Structure formats: C-alpha cells, structure tokens
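S.K.: Structure in structure tokens, see below.
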Amino acid sequence: MNNIEDQLATLMERPPYDLERNTVIDAGAGDLVSSVDSRFGPLWVAWSRIGITGLTPTFASPTIDSFLDQHRRMSYEASALPRSLEGEISEALESGESEGLDFDLRGLSDFQASVLESCSTIRPGQVRPYGWIAEELHKPGATRAVGTALAKNPIPILIPCHRVVKSDGSVGSYAFGPEMKRDLLIREGAIAL
Amino acid sequence: MKARDPSNEAEVRRTLVSDRDLGFTMLVRRYQPGIYSGARRLTHRHEDAEEVAQDTFLRAYRALDGYDDQRIRDLQVQGWLWTIALNLCRNRANRPIQETPGLDEPTGGTQDAVPIDSESWNRRLARLSTDQRNAVVLRHVVDLPIADIAAATGRPEGTVKADISRGLQRLRETVEREDLL
C-alpha cells in the first residue's frame with residue numbers, strides 16, 4: 001500500500017466498545033437495564049442518571065429483548081444494578097414505601113406524569129378510586145383518562161397504581177392481572193383476605 | 001427500545017427533531033467512530049481521543065436544547081460536531097507525543113487492533129502545521145467532505161484544499177526520507 005491517502009484511510013478505528021453506551025448514559029439520553037430479584041420473581045429494571053424509568057416482572061417480559069421492545073427509552077444492558085439502587089428498590093418492594101426513590105418520567109405526557117405523581121402519594125394500606133386522582137388534578141371529568149394513564153404506568157409496584165381501585169370498592173383491572181393486584185393490596189393491609 | 005444504526009444524516013436530523021434522545025443515540029452511533037479516529041490523530045493519545053469523542057457529544061447534546069426544530073433540520077451535522085471536537089482537540093494537542101510503544105494502547109478488550117504503524121503516523125502528522133494536520137486527518141482519515149471541513153475549521157474550501165494538498169506532499173516527503181534510512 002504505497003498511496004499516502006490509502007494508508008491514512010487505514011487509521012480509521014473502532015472506538016472502545018463501551019464509549020457509545022457511556023456517552024448516551026452520561027448525557028441522560030438513554031437507560032441501563034438489568035434484573036433484580038424480588039418476591040414477584042426477577043424484575044427488569046431500567047434506570048437513567050436521573051432515576052428509575054421502567055420496571056416489569058420477568059413473568060410478563062421473559063427476555064430482556066421483550067422488555068426493551070416495550071420500554072419507551074433507548075437502553076443498554078448492564079450486568080447488574082448499582083448496589084445502592086438495588087438496595088433501595090428491594091427495601092421499597094418490601095415496605096411498599098417508594099418515597100426515597102427517584103423516578104425519571106421524561107418521555108411521558110404531562111398528564112400521565114401528573115397522574116403517576118399523584119398516585120405515588122397513596123400510602124401502603126390505602127386505596128383510592130380513579131376519580132380521586134382526577135379530582136386531585138382538578139380534572140373531575142378525566143376519570144377514564146386517569147385509568148388509561150395508570151394502565152400504561154411504566155414503573156408498576158413502585159409507583160403504586162395497584163392502590164387505585166374502582167369506586168364500588170372492587171379491585172378493577174391490573175397490567176399483571178387482578179389476582180396480583182389483590183395480592184399486593186392484601187399484603188399491604190388495604191383489603192381483607 | 002434498542003439502539004439501531006441510522007441509514008443516513010437526514011434520518012439522524014429527522015429523528016433529532018421528533019425524538020431528541022433517540023436521535024442523539026443515532027448521532028453517537030453514526031459519528032463517534034469518526035470523531036474518535038480523528039481525535040486519535042490530532043491528540044496523539046488514546047485516552048485524550050476517548051475524552052474528546054465523549055465530550056464532543058455531551059456538548060452537542062446540551063447545545064441541542066437551545067436549537068429550534070428548523071435549526072436542527074438545517075444542521076450540517078459533521079461540520080457542527082467537528083467544530084466542537086477541534087476545539088477540544090486543540091486543548092489537548094500540546095502534550096508530548098508518546099514514544100514508547102504499548103503504553104498508548106486502548107484498554108477496551110474487544111476493540112479492533114491498533115492500526116499498524118499508528119505511532120509513526122502520529123509523528124509524521126505532528127510535523128504538519130495545525131491547519132494542514134486538521135485538514136488531512138478530517139479528509140483522509142475521517143473521510144469528511146471538503147464543505148464539512150471548511151465549516152468545522154472556519155476556513156474557505158479553497159484554502160482547505162490547499163492545506164490538504166500541501167499536507168499530503170509533506171507526508172510523502174517524510175515517508176520517502178524514512179525509506180532511505
């Protein structure tokens with residue numbers, strides 16, 4: 001290879017394999033994903049540098065690819081959660097209290113984020129009807145829209161959409177089935193066995 | 001959502017407008033190898049090149065916050081990125097060239113092999129003027145069009161072509177002298 005131009009072209013290199021990932025994560029433009037054990041079985045957890053962005057039990061998304069296909073943000077697989085975050089999530093799952101956790105709700109509509117923030121104020125052992133959140137948001141006619149927003153909750157269990165029930169007191173629907181919703185509420189002491 | 005390869009610059013611009021974070025990931029995937037490779041020749045050190053390749057995109061991401069949709073649609077993406085990258089390279093370029101083989105090799109386990117004669121090329125390129133070196137590296141290592149080099153360096157296209165021509169001539173003379181030794 002005698003041509004100077006051809007020799008210079010060979011100097012194009014592939015960057016270190018983790019540079020793209022580190023750049024996107026440091027910018028806050030993407031998430032890392034890993035799994036954490038829980039009493040519901042392993043859970044997929046996605047997080048950005050701002051906070052948790054997604055959570056799904058592996059019984060609902062058996063593979064990381066199936067989780068990533070429905071996760072709203074660009075994501076990279078990580079070998080494990082940071083130890084502190086894993087501890088905080090485990091504690092929140094056990095106690096039902098998510099107050100110390102940071103959530104990153106970017107990418108959701110303002111309305112959906114407001115619904116989830118309002119839902120987060122319902123304490124373990126309590127339940128509220130859908131209409132209560134609509135009232136909290138000063139949109140008393142938006143009960144159905146509240147239900148839709150909760151059905152798309154990207155961080156279930158930690159953002160406790162299971163604590164929102166029908167106005168007649170029945171548990172209503174849940175992304176992972178009414179039985180799991182009932183189980184969560186019984187465990188939290190919100191409803192009797 | 002998983003990152004995927006963008007097909008062209010127009011798709012990157014369109015996606016930056018419709019979904020900033022997804023578009024940013026496409027931007028990094030498409031252009032970071034070029035920024036890294038160019039910075040590798042302009043800063044001499046792998047560690048500096050890695051920093052430049054990361055900082056360029058972090059600054060670009062922050063800058064995009066202040067751009068309206070039309071400005072993003074009109075972006076000359078590579079010229080814009082290299083304007084940022086050249087500034088960062090300039091701050092790092094005054095460090096001495098590393099002469100000891102081996103110390104400059106990247107630590108990432110799965111990276112392609114360092115090009116043969118990599119350090120010799122750093123020494124040859126270091127003999128060019130800054131303008132010649134920037135122009136030669138951007139044109140022949142990164143494969144940037146002349147118009148983008150002109151945008152990145154702030155120099156007229158004719159001047160960029162002259163920089164490249166003189167830089168290549170000087171490199172040829174250097175290689176010929178080495179062959180005689």
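The values are calculated or read from the model by the stated rules, or taken from the named source; none is laboratory data. Note that this is a predicted model, so its numbers are computed, not measured. Glycine gets a Cβ as well: all are built from the backbone with ideal geometry, and neighbour counts include every protein chain shown.
S.K.: Given region A:1-98, what helices (runs of 4 or more DSSP H) lie entirely inside it while holding 2 or more residues that are within 14 Å of chain B (Cβ to nearest Cβ) and in contact with a strand residue (DSSP E or B) (Cβ under 9 Å, 6 or more places away or on another chain)?
M.R.: Qualifying helices (runs of 4 or more DSSP H): A:19-27, A:64-70.
S.K.: Out of curiosity, is B:Ala49 closer than 21 Å to A:Asp26 by Cα, crowded, with 16+ Cβ neighbours inside 10 Å, at pLDDT below 90 and not aromatic (Phe, Trp, Tyr)?
M.R.: no
Quick grid of which residues meet (1) among the charged types (D, E, K, R); (2) part of a helix (DSSP H, G or I); (3) surrounded by 14 or more Cβ atoms within 10 Å (Cβ to Cβ):
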site	(1), (2), (3)
B:Arg124	yes, yes, yes
B:Leu128	no, no, yes
B:Asn134	no, yes, yes
B:Val137	no, yes, yes
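S.K.: Within region B:79-91, how many residues are buried (at least 20 other Cβ atoms within 10 Å of the Cβ) and either closer than 17 Å to A:Ala29 by Cα or within 14 Å of chain A (Cβ to nearest Cβ) (or both)?
M.R.: So the count comes out to 3.
S.K.: Could you tell me which residue of region A:71-91 is nearest to A:Gly54 (Cα to Cα), considering only residues that are touching a residue at least 60 places away in the same chain (Cβ under 8 Å) and crowded, with 20+ Cβ neighbours inside 10 Å?
M.R.: Step one: list which residues in region A:71-91 are touching a residue at least 60 places away in the same chain (Cβ under 8 Å), which gives A:71-72, A:89.
With crowded, with 20+ Cβ neighbours inside 10 Å added as a condition, the list becomes A:71, A:89.
On the way: A:His71: 7, A:Ile89: 12 Å.
The selected residue is A:His71.
S.K.: Can you pull out every residue in region B:141-170 that is over 11 Å from the mean Cα position of the chain (by Cα) and under 14 Å from A:Ile4 (Cα atoms)?
M.R.: B:Ile164, B:Ser165, B:Arg166, B:Gly167, B:Leu168, B:Gln169, B:Arg170
S.K.: For region B:29-69, name all the residues that are outside any helix (DSSP H, G or I) and of a type in the set (D, E, K, R).
M.R.: Selection gives B:Arg45, B:Asp65, B:Asp68.
S.K.: Ok, one more. Look through region A:110-132, keep the residues that are more than 16 Å from A:Ala190 (Cβ to Cβ) and in contact with a helix residue (DSSP H, G or I) (Cβ under 8 Å, 6 or more places away or on another chain), and return whichever of them is surrounded by the fewest Cβ atoms within 10 Å (Cβ to Cβ).
M.R.: A:Phe111
S.K.: Now for a different question. Quickly run through region A:155-174 and pick out the residues that are in a loop (DSSP other than H, G, I, E, B) and within 21 Å of A:Glu94 (Cβ to Cβ).
M.R.: Selection gives A:Ile155, A:Pro156, A:Ile157, A:Leu158, A:Ile159, A:Pro160, A:Tyr174.
S.K.: Which members of region A:153-182 meet the condition of being in contact with a helix residue (DSSP H, G or I) (Cβ under 9 Å, 6 or more places away or on another chain) and surrounded by fewer than 16 Cβ atoms within 10 Å (Cβ to Cβ)?
M.R.: Those that are in contact with a helix residue (DSSP H, G or I) (Cβ under 9 Å, 6 or more places away or on another chain) and surrounded by fewer than 16 Cβ atoms within 10 Å (Cβ to Cβ): A:Lys166, A:Ser167, A:Ser170, A:Ser173.
S.K.: Considering only region A:177-193, how many residues are farther than 19 Å from A:Ser95 by Cβ, of a type outside the set (Gly, Ala, Ser) and at pLDDT 90 or above?
M.R.: Number of matching residues: 3.
S.K.: Residue by residue through region A:116-152, note down the ones that are under 15 Å from the mean Cα position of the chain (by Cα) and within 13 Å of A:Arg163 (Cβ to Cβ).
M.R.: Step one: of region A:116-152, the residues under 15 Å from the mean Cα position of the chain (by Cα) are A:116-117, A:119-120, A:149-152.
Answer for region A:116-152, where residues must be under 15 Å from the mean Cα position of the chain (by Cα) and within 13 Å of A:Arg163 (Cβ to Cβ): A:Leu116, A:Cys119, A:Ser120, A:Leu150.
S.K.: Checking the conditions here, which among A:Val45, A:Val36, A:Val24 is β-branched (Val, Ile, Thr) and surrounded by fewer than 20 Cβ atoms within 10 Å (Cβ to Cβ)? Give the steps one after another, and end with the answer.
M.R.: Details: A:Val45 fails: surrounded by fewer than 20 Cβ atoms within 10 Å (Cβ to Cβ); A:Val24 fails: surrounded by fewer than 20 Cβ atoms within 10 Å (Cβ to Cβ).
Result: A:Val36 is the single residue among A:Val45, A:Val36, A:Val24 that is β-branched (Val, Ile, Thr) and surrounded by fewer than 20 Cβ atoms within 10 Å (Cβ to Cβ).
S.K.: With respect to B:Arg73, determine if the residue is within 23 Å of A:Tyr17 (Cβ to Cβ) and either modelled with pLDDT of 70 or more or of a type outside the set (Gly, Ala, Ser) (or both).
M.R.: Spelling it out, it is not the case that B:Arg73 is within 23 Å of A:Tyr17 (Cβ to Cβ) and either modelled with pLDDT of 70 or more or of a type outside the set (Gly, Ala, Ser) (or both).
S.K.: Among the numbered criteria (1) surrounded by fewer than 19 Cβ atoms within 10 Å (Cβ to Cβ); (2) at pLDDT 95 or above; (3) not small (Gly, Ala, Ser), which one does B:Asp117 miss?
M.R.: With respect to (1) surrounded by fewer than 19 Cβ atoms within 10 Å (Cβ to Cβ); (2) at pLDDT 95 or above; (3) not small (Gly, Ala, Ser), B:Asp117 is out only on (2).
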